[in-house]
Every structure is written in C-alpha cells, then in structure tokens.
Amino acid sequence: MTPRPRTSALLLAGALLVLSGCTAGDDDAGPASGAPAEESAGAQEAADPGTASVADQVMAEQKIATPHGGGDAWGGDVTVTLRSVEVADGTTTVRWALRWDDDEAPADAGASYYDLGVEPSTTVTDREGLKAYRPFCTEGAWQSDNEDPSKASLEQIRCRESMLVSPLENITFAFPNHGTIEVSAVLPAPEGEPATVDVLPGEGLPLFTDATVTYVDGGAA
C-alpha cells in the first residue's frame, strides 16, 4: 500500500461514478446507488461507535501536520491509521483511527472535526472499475434528482449528517490530545470484488492507495 496526498483523490473523483447508499433521492448511478431502509438499518448495526475489533491492526499509517478548520487553530500533528477494509453481506466496513498530538496544547484539549477541517465522509475508490463509494446515509441523498437546487443541496446536507460513520460530528465530540479514536464507516460493497481499493478516510486527511480488501463471506481475496 502506498500513501499519497489527498489531492490525488480529489483529482480522481471528477472522473469517477460515485455510488452510495441512501434512503431518498436515488439517481441512476447503478445498483449500489440506492439501499432500502431495511439494508440501511442493518448497516447501522454494523457501525461500531468509537471502537474496532481490529484496534491493534495497522494496514498503513500516515502522519501529517494538524490540519486547520474553522475552529481553534491547534498545532502538532495527527497520525491517521488505516486498519481494515472488510466486505460482508453486501456492505464494506472501513476501520481507521486518528491520533492528535500537540505538546503545546493543554493535556485536556480536544479538537473536533470542525477544528481540523475534516469531514468523515469516507470514500472507497475502485480505480480499475472507475467507481467511488461513499457511506450509507439514513436521510437525504448524496446525489439528488431534485430539480430544485436548494432542495437537492438540503438532501445532500441531510445525507452527510446521517452518514453511517461513527463517531460522527456533533457538538460534544472531539479528538483528545495524545489520544487515539477509532472510527468506522459502512459503505456499499464494491462491484466486481476488486482485490484492492483506494481509501480516503475523510475529506482533509491523506489518501491510502492499494488497500487490501478482505471478503469475509467467501468472495475474492
């Protein structure tokens, strides 16, 4: 696996068909673009808030200077660890972790996603298949067919706010200084069972390329 700057993912995204699970506003992106409420509910159960059964596993790791968002301008650095990409029962679970370290900040300081300029909309990209996948959401839609731009934008906002990612942004959550937080995201399973994919844990974080996909239910290795 080769880590690359996140700009690579942003450039690639423009040429990809983005597939995601949602409960409203599906378009004709393909079989994975829509998911019934029952499937989304099952995927919700698969998201294990703040924990991971593979917490000691390291597929790849990158350290970058602490990114700055719209909140407190914290210093130091963050370490992003990709733990696993696991496919089972029609869903992909990506597990990753983030550790924030700032020796100049108070020991009890916390940095939110907003502070870091990070949005945890994990993206899995199959470069060979030219398809990208984003988390299931329980409300709204990533790609709306609503002809009213304001309503389409609202649907996307609702989707981002209800992504099957944990922990998700809220008014109390923050990454603790010198602490590691485990994150998980549930997305549609990639079509064609690719052996490797590229993973962007969240917007604002580094891209991991050629991540090995584990097929739990007997699919391709």
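The values are calculated or read from the model by the stated rules, or taken from the named source; none is laboratory data. Since this is a predicted model, take the numbers as computed values, not measurements. Here Cβ is always computed from backbone atoms with ideal geometry, including for glycine, and neighbour counts include all displayed protein chains.
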Scanning region 106-120 residue by residue, those surrounded by fewer than 22 Cβ atoms within 10 Å (Cβ to Cβ) and touching a helix residue (DSSP H, G or I) at 6+ places or on another chain (Cβ under 7 Å) turn out to be E119
If you go through region 164-212, how many residues are part of a strand (DSSP E or B) and either in contact with an Asp or Glu (Cβ under 8 Å, 6 or more places away or on another chain) or closer than 20 Å to F136 by Cα (or both)? 22
Any chance you could count how many residues in region 127-155 are of a type outside the set (S, T, Y) and within 27 Å of E86 (Cβ to Cβ)? 15
Any idea how many residues of region 145-177 are in contact (Cβ under 8 Å) with a residue 60 or more places away in the chain, surrounded by 14 or more Cβ atoms within 10 Å (Cβ to Cβ) and farther than 30 Å from R95 by Cβ? 2
Against the definition (crowded, with 16+ Cβ neighbours inside 10 Å and either at pLDDT below 95 or hydroxyl-bearing (S, T, Y) (or both)), how does A132 come out, yes or no? no
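For every residue, the table says whether it meets (1) over 16 Å from the mean Cα position of the chain (by Cα); (2) of a type outside the set (S, T, N, Q).
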residue	(1), (2)
E155	yes, yes
E161	no, yes
S166	no, no
P176	yes, yes
G192	yes, yes
T196	yes, no
E203	no, yes
P206	no, yes
T214	yes, no
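Listed here are the residues, each with its yes/no results for (1) assigned to a loop (DSSP other than H, G, I, E, B); (2) in contact with a Pro (Cβ under 6 Å, 6 or more places away or on another chain); (3) on the phi < 0 side of the Ramachandran plot.
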residue	(1), (2), (3)
D108	yes, no, yes
G129	yes, no, yes
G140	yes, no, no
S153	no, no, yes
Q156	no, no, yes
C159	no, no, yes
